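Undergrad: Please find one structure pasted underneath; my questions will follow.
FYI, it's all coordinate maths here, none of it is from the lab. Just so you know, these numbers come straight off a predicted model, no measurement behind them. With ideal geometry, Cβ positions are generated from the backbone for all residues, glycine too; neighbour counts draw on all protein chains shown.
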């Protein structure tokens with residue numbers, strides 16, 4: 001049997017279990033062996049029956065004296081098994097397992113493991129693990145693995161199938177180079193595979209886990225190296241000279257002064273674009289730090305070099321907003337700015353800067369002379385989408401590429417997710433006096449909070465997670481924008497103009513609502529998180545976030561970044577739809593921490609990377625076993641990947657694994 005064999009080749013895995021295992025993403029023998037336990041039950045403590053105490057996790061070995069199937073007064077089906085050793089007797093209680101009367105044999109010796117409890121005023125085992133004595137144990141008397149399960153597939157069943165594979169003729173060929181294993185003190189693949197599932201000791205389990213953590217990180221980082229090498233191989237790009245005089249005149253004409261970090265980022269980008277190699281850079285900056293103007297200056301320099309730019313935004317609202325900004329600043333300088341979105345298809349073919357949404361990805365148009373491509377909110381587009389955007393350009397040269405993100409990225413994630421990009425970071429806000437006061441508000445203070453909002457008489461966002469009320473019981477307390485809009489009109493703001501904004505509205509409707517809010521015609525805007533990405537209304541100074549416990553801190557930080565952008569102080573009120581102490585303490589971090597990266601680190605520690613980047617549709621894989629907070633291992637794996645990738649031909653087993661599982665990994669030197 002091979003690791004690549006379908007799981008159906010394993011004994012006792014028929015069509016039914018093959019289908020069930022797909023729920024655990026198990027399709028091959030390799031997938032089964034890489035379905036690692038998330039903890040172990042320690043049943044290695046073997047005792048005599050007479051010495052057992054209540055609430056003790058332990059193992060006993062004894063002979064089955066009797067087996068009785070019983071129906072209780074409430075019609076519950078239980079099976080009572082009497083087990084004895086030389087020191088005494090104990091009852092084993094099983095629920096809904098009457099078949100045990102036929103499968104267990106009176107007079108035979110069994111090993112029993114579990115936690116002792118009290119039943120009928122006596123110490124007993126309730127639903128323990130039980131195996132025939134003398135056989136190699138996998139469920140009792142040892143460290144027993146516990147796995148993630150699905151309906152119809154238990155940990156006990158998974159143990160049996162994994163044990164069948166490991167006892168069979170399976171090829172467990174090592175693929176990590178010897179030099180890598182020796183350098184990082186990693187055990188071999190076969191030993192680790194057996195010890196992570198059926199460890200002799202917890203130390204062995206830990207050593208096996210470390211090997212698979214390192215392996216997973218290194219394989220992922222080799223993929224990053226592949227992207228980096230392939231990008232470097234695209235040597236043909238437009239060399240853009242830095243038009244310093246015109247850029248300086250343009251920057252001095254702006255109504256604000258660039259921050260030091262903005263100036264540094266502009267210089268890094270323009271220097272990259274002056275090379276014959278295509279730039280591949282990420283510009284990371286907190287909400288309001290001025291990423292757009294940095295990209296705009298870079299696009300202007302591209303125009304001065306006689307080349308075109310394409311700028312892709314994640315939403316129509318943001319694309320329209322950028323079109324307006326670019327037009328105001330650049331059209332007087334002779335730059336032809338054009339817009340294409342899902343609802344606005346006509347555009348001028350002779351553009352200098354084309355701003356669009358995802359619609360650009362599906363355009364059949366091939367654009368010539370494109371020297372610069374920008375993707376705003378990079379984490380919302382996967383690597384494949386990024387490549388598709390670059391393929392929109394004619395093959396005369398690979399355009400320089402700049403990704404923008406307002407999502408604060410912990411260093412550990414930057415190493416993996418953006419390891420193939422150079423990174424520029426905007427660290428300061430153009431508005432140095434900018435301040436947003438944040439408060440976590442209990443439900444009991446809602447009336448008081450809304451009275452305070454009326455007194456302040458400021459433009460206010462009210463953000464709800466849902467568009468319409470859900471019938472799902474787990475969402476019954478979660479605010480919905482449509483219902484909240486109707487309620488607020490009647491109860492708190494009957495005399496004010498209130499607007500509603502959500503993703504199902506037509507683009508024209510959205511534009512009208514946002515424009516009315518900007519002009520102050522609408523004072524209160526009830527919205528879904530569609531406003532999280534990029535909406536700029538400097539006059540808005542209050543942000544109310546309903547059901548705040550449902551968001552990651554990074555998302556909440558982005559939402560509150562929509563207010564306090566003018567010359568007045570901003571306020572963010574985070575309401576909880578249901579009280580939970582852990583959630584409350586997590587949200588309280590917003591009151592004292594204004595640094596997005598620090599909040600992202602807390603998100604990762606408490607809730608995982610999903611709360612920073614959303615779920616997997618944003619192009620970031622979830623790791624099975626690797627710990628992204630083990631910075632030392634992550635950096636060692638990255639260095640190892642960088643050293644090994646150019647020389648994969650010398651490591652055929654590793655190259656074969658990469659090619660088989662991830663496509664062609666031959667370095668293109």
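Undergrad: Suppose R0 equals 51 Å; then what is the FRET efficiency for residue 4 and residue 521 from their Cβ-Cβ distance, rounded to the nearest 0.05?
TA: Working: r = 64 Å, r/R0 = 1.25.
Efficiency, rounded to the nearest 0.05: 0.20.
Undergrad: Residue 591 versus residue 230, label points 7 Å from Cα toward the beta carbon: distance in nm?
TA: Going by the 7 Å Cα→Cβ label model, 4.9 nm.
Undergrad: Got the relative contact order for region 175-251 handy, in percent, Cα pairs under 8 Å and 6 or more residues apart?
TA: 20 percent
Undergrad: In region 110-132, which residues have a backbone nitrogen under 20 Å from the label point lying 7 Å from residue 72's Cα in the Cα-to-Cβ direction?
TA: In region 110-132, the label zone of residue 72 (backbone N under 20 Å from the point 7 Å along Cα→Cβ) covers 115-129.
Undergrad: Relative to the longest principal axis of the chain, what angle (0 to 90°, nearest 10) does the C-alpha long axis of helix 316-330 take?
TA: 30 degrees
Undergrad: From the alpha carbon gyration tensor of region 1-98, can you work out the equivalent ellipsoid semi-axes (sqrt of 5 times each eigenvalue) and give them in Å, largest to smallest?
TA: 37, 20, 13
Undergrad: Given the convex hull of the Cα atoms of the chain, what is a quarter of its surface area in nm²?
TA: Dividing the Cα hull surface by four gives the mean projection, 36.3 nm².
Undergrad: For residue 598 and residue 451 in the same chain, what is the full-extension length gain: residue separation times 0.36 nm, less their Cα-Cα distance, in nm?
TA: Values: separation 147, 0.36 × 147 = 52.92 nm, distance 3.26 nm.
Result: 49.7 nm gained on full extension.
Undergrad: Sort out for me the Cα centre separation of region 581-606 from region 1-79, rounded to whole Å.
TA: If we compute the Cα centre of each part, the gap is 39 Å.
Undergrad: Moving on. Contact order normalised by length for the chain, with contacts defined as Cα pairs under 8 Å and 6 or more residues apart; what percent is it?
TA: Worked out over the chain, it gives 12 percent.
Undergrad: Also: Once the mean 1/r over all distinct Cα pairs of region 1-44 is inverted, what Kirkwood radius in angstroms do you read off?
TA: 11.3 Å
Undergrad: Sorted from largest to smallest, which semi-axis lengths in Å does the alpha carbon gyration tensor of region 436-607 give for its equivalent ellipsoid, taking the root of 5 times each eigenvalue?
TA: Taking √(5λ) for each eigenvalue gives 23, 19, 16 Å, largest first.
Undergrad: For region 256-330, what ratio Rg/Rh do Cα atoms give with a Kirkwood hydrodynamic radius? Numbers along the way, then the final one.
TA: Working: Rg = 12.7 Å, Rh = 13.4 Å.
Rg/Rh: 0.95.
Undergrad: Can you work out the FRET efficiency for the pair residue 263 and residue 366, with r the C-beta to C-beta distance and R0 = 22 Å, to the nearest 0.05?
TA: The value I calculate is 0.05.
Undergrad: Let me ask you something else. How big is the antiparallel share of DSSP beta bridges in the chain, given as a percent to the nearest 5?
TA: The answer is about 40 percent antiparallel.
Undergrad: Mind ranking 205-211, 509-515, 221-227, 255-261 by how tightly packed they are, going by the mean number of other C-beta atoms within 10 angstrom, highest first?
TA: 221-227, 205-211, 509-515, 255-261
Undergrad: Taking the 0 to 90 degree range and rounding to the nearest ten, how far is the long axis of helix 202-233 tilted relative to the main principal axis of the chain, both from C-alpha atoms?
TA: 30 degrees
Undergrad: Using only Cα atoms, tell me the angle between helix 581-592 and the longest principal axis of the chain; keep it within 0 to 90° and round to the nearest 10.
TA: 30 degrees
Undergrad: With the crude spin-label approximation of a point 7 Å out along Cα→Cβ, what separation in nm comes out for residue 200 versus residue 512?
TA: For the pair residue 200/residue 512, the computed spacing is 7.6 nm.
Undergrad: Still on this model: Label residue 635 and residue 55 with points 7 Å out from Cα along Cα→Cβ: what is the distance between them in nm?
TA: With each label point 7 Å from Cα toward Cβ, the separation is 4.4 nm.
Undergrad: Now for a different question. How do 242, 297 rank when sorted from fewest to most other Cβ atoms within 10 Å of their own Cβ? Display every interim value, and only then the final one.
TA: Numbers: 242 16, 297 22.
Listed from fewest to most nearby Cβ atoms, that is 242, 297.
Undergrad: Related question: With an 8 Å Cα cut-off and a minimum separation of 6 or more residues, compute the relative contact order for region 436-607 in percent. Write out the running numbers ahead of the final one.
TA: Numbers: 304 pairs, mean separation 51.3, N = 172.
The value is 30 percent.
Undergrad: From Cα coordinates alone, what are the radius of gyration and Dmax values for region 45-141 in angstrom?
TA: So, for region 45-141, Rg and Dmax equal 12.6, 39 Å respectively.
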